[in-house]
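The values are calculated or read from the model by the stated rules, or taken from the named source; none is laboratory data. Predicted, not measured: the structure shown is a model, and the values here were computed from it. When we count neighbours, we look across all protein chains shown, and the Cβ atoms used for this are built from the backbone with ideal geometry, even at glycine. Surface accessibility is based on the protein's heavy atoms, side chains included, excluding ligands, DNA and RNA. Shrake-Rupley method; radii C 1.70, N 1.55, O 1.52, S 1.80 Å.
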Amino acid sequence: MFDSASISSGKTDFIAESSDDKPPQRAETVHELLARLGGDMEEIDRVKKVYPMKISSHFLALIQEKGDPIWKQAVPSAEELSDFRNVADPLSEGRDTKVPGLIHRYPDRVLLMVSSKCAMYCRFCTRKRSVGRVEQTPMQQIFQGIDYIRGHPEVRDVLLSGGDPLLRSNRELDIILRELRSIPHVEIIRIGSRVPSVMPERVTPRLVKVLKKYHPLYMNLHFEHPREINPDSERALKLLADAGIPLGSQTVLLRGINDDPEVMKELMQKLVKNRVRPYYIYLCDLVKGVEHFRTTLQAGFDVICHLQGHTSGLCVPHLIIDSPGGGKIPILPPDYLLATDEEKAVISNYKGEVYEYPNPRI
Ligand SMILES: *Cc1c(COP(=O)(O)O)cnc(C)c1O
Ligand code: SF4
């Protein structure tokens with residue numbers, strides 16, 4: 001039911017893409033809705049000339065009022081244009097790109113971009129400079145990436161990313177996954193996707209039937225706010241989990257959206273309840289146009305300390321800073337390890353009670 005045809009015909013009725021010369025028929029609906037909620041249409045139009053805008057009907061329906069955490073993720077804001085500090089490609093992904101769309105930064109795993117499209121363009125996106133601006137990634141380019149992997153036996157883990165891989169048709173995904181699985185040294189395949197949050201109806205029994213042929217297949221899903229867990233996304237998560245796909249989550253710590261430790265705890269608990277294991281919380285990258293979403297590192301520590309010990313360890317992800325060109329760096333709050341010397345470590349638990357852990361006598 002949900003092959004590429006229905007993505008390009010059925011779904012675009014509900015979304016507004018700034019790249020189109022003539023907006024699709026129901027684009028007015030998006031505008032009308034944003035205007036009704038008090039959106040400044042002149043501002044929105046000005047920003048979307050610079051950074052693409054697309055809001056899925058599902059996400060649009062989650063907005064309760066102007067400026068709420070759902071709105072902020074989806075609706076262009078003039079603040080995107082007044083960021084003179086950051087650069088477009090802070091992670092220097094260009095440097096590790098071996099063939100177009102393939103990033104080989106770590107010893108045993110690669111990132112393969114299989115889609116330039118997303119179901120929605122998040123205003124805080126790290127790949128703001130690239131996603132949603134060009135035609136869909138050609139299959140020919142993806143095959144080049146797969147050839148690179150075939151020629152590099154050290155690659156045992158392939159991450160499919162983009163854009164969003166689930167914006168490819170079931171048939172295209174089937175072909176990509178089949179090709180990857182034909183490579184003996186590829187042990188695991190991972191798919192990164194925001195679709196269960198922004199376009200849960202894309203997760204169908206037919207999609208899942210394709211995915212489950214290629215185990216061990218993991219998925220890392222992108223959620224930002226507890227309201228993104230609702231009956232529609234829960235149905236999608238159930239389909240994926242029931243297919244035996246281990247689900248993880250990635251979340252970016254965003255000012256005014258989820259930088260309240262209680263909000264983040266609720267999100268983590270809701271994910272775990274739906275068989276999604278929180279994997280990473282990222283500090284916001286230094287990407288041009290997202291400065292207004294950034295938080296301090298201390299805000300990240302506050303979130304982790306509010307989780308660790310206070311709720312199931314399953315709900316506690318790693319806190320990560322993606323360093324410019326140097327990859328992901330885990331940052332542990334300093335609260336737990338107070339001091340070390342030759343004899344001992346001085347440690348503290350989540351309640352602030354202090355303990356000593358002596359070194360072994362050699
Ligand atoms: C994030 C990322 C990976 C995967 O990292 P893990 O820590 O293994 O999840 C691989 N390659 C690139 C380029 C990445 O950015
Ligand atoms: S879904 Fe991911 S890649 Fe796409 S716009 Fe949102 S953050 Fe960026």
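Side notes on the structure shown:
- Mean-square fluctuations from a GNM of the chain, with a 10 angstrom spring cutoff on Cα atoms, peak among Leu33, Leu159, Leu217 at Leu33.
- Label zone at Ala241, where the point sits 7 Å out along the Cα-to-Cβ direction: segment 175-209 residues whose backbone N lies under 15 Å: 196-197
- Per-bin percent of Cα-Cα distances, segment 31-167 [10 Å]: 11, 35, 29, 18, 7, 1
- Debye log10 I(q)/I(0) for segment 148-187, one point scatterer per Cα, at q = 0.25, 0.34 Å⁻¹: -0.88, -1.14
- At the listed q of 0.12, 0.14 Å⁻¹, the Debye profile of the chain, built from one uniform point per Cα, gives log10 I(q)/I(0) equal to -0.93, -1.26.
- Each Cα pair of segment 204-283 feeds into the Kirkwood radius, which the Stokes-Einstein equation turns, at 4 °C and 1.567 mPa s, into a diffusion coefficient of 99 µm²/s.
- Remark: segment 244-260, residue by residue, has Karplus-estimated 3J(HN,Hα) of x, 8, x, 10, x, 10, 10, 9, 9, 6, 10, 4, x, 10, 9, 7, 8 Hz, where x stands for each Gly or Pro and the curve is 6.51 cos²θ - 1.76 cosθ + 1.60 at θ = phi - 60°.
- Scanning the chain for GluC sites (Glu not before Pro) that sit in a DSSP loop and have at most 13 other Cβ atoms within 10 Å, the longest stretch containing none of them is 188-341.
- Along each principal axis, taking the top coordinate minus the bottom one, the Cα set of segment 107-177 gives 37, 28, 16 Å in descending order.
- Along the chain, longest interval not containing exposed chymotrypsin sites (Phe, Trp or Tyr not before Pro), exposed being DSSP loop plus at most 16 other Cβ atoms within 10 Å: 85-335
- Computed over segment 207-299, relative contact order equals 32 percent, with contacts defined as Cα pairs under 8 Å that lie 6+ residues apart.
- Under Karplus coefficients 6.51, -1.76 and 1.60, residue-wise ³J(HN,Hα) of segment 80-92 in Hz, glycine/proline x: 4, 8, 10, 9, 9, 9, 8, 10, 6, 10, x, 8, 6
- Accessible surface, the chain, averaged per residue in Å² (probe 1.4 Å): 47 Å²
- Helix content alone sets the calculated 222 nm mean residue ellipticity of the chain: runs of n ≥ 4 DSSP H residues at -39500 (n - 2.57) each, divided across all residues, give -8000 deg cm²/dmol.
- Percent accessible area from carbon and sulfur atoms, the chain, protein chains only, probe 1.4 Å: 55 percent
- Nitroxide proxy distance, nm - points 7 Å out along Cα→Cβ at Asn230 and Glu266: 1.4 nm
- Candidates Leu338, Leu221, Leu166: whichever shows maximal mean-square fluctuation once the chain is modelled as a Gaussian network with Cα springs under 10 Å: Leu338
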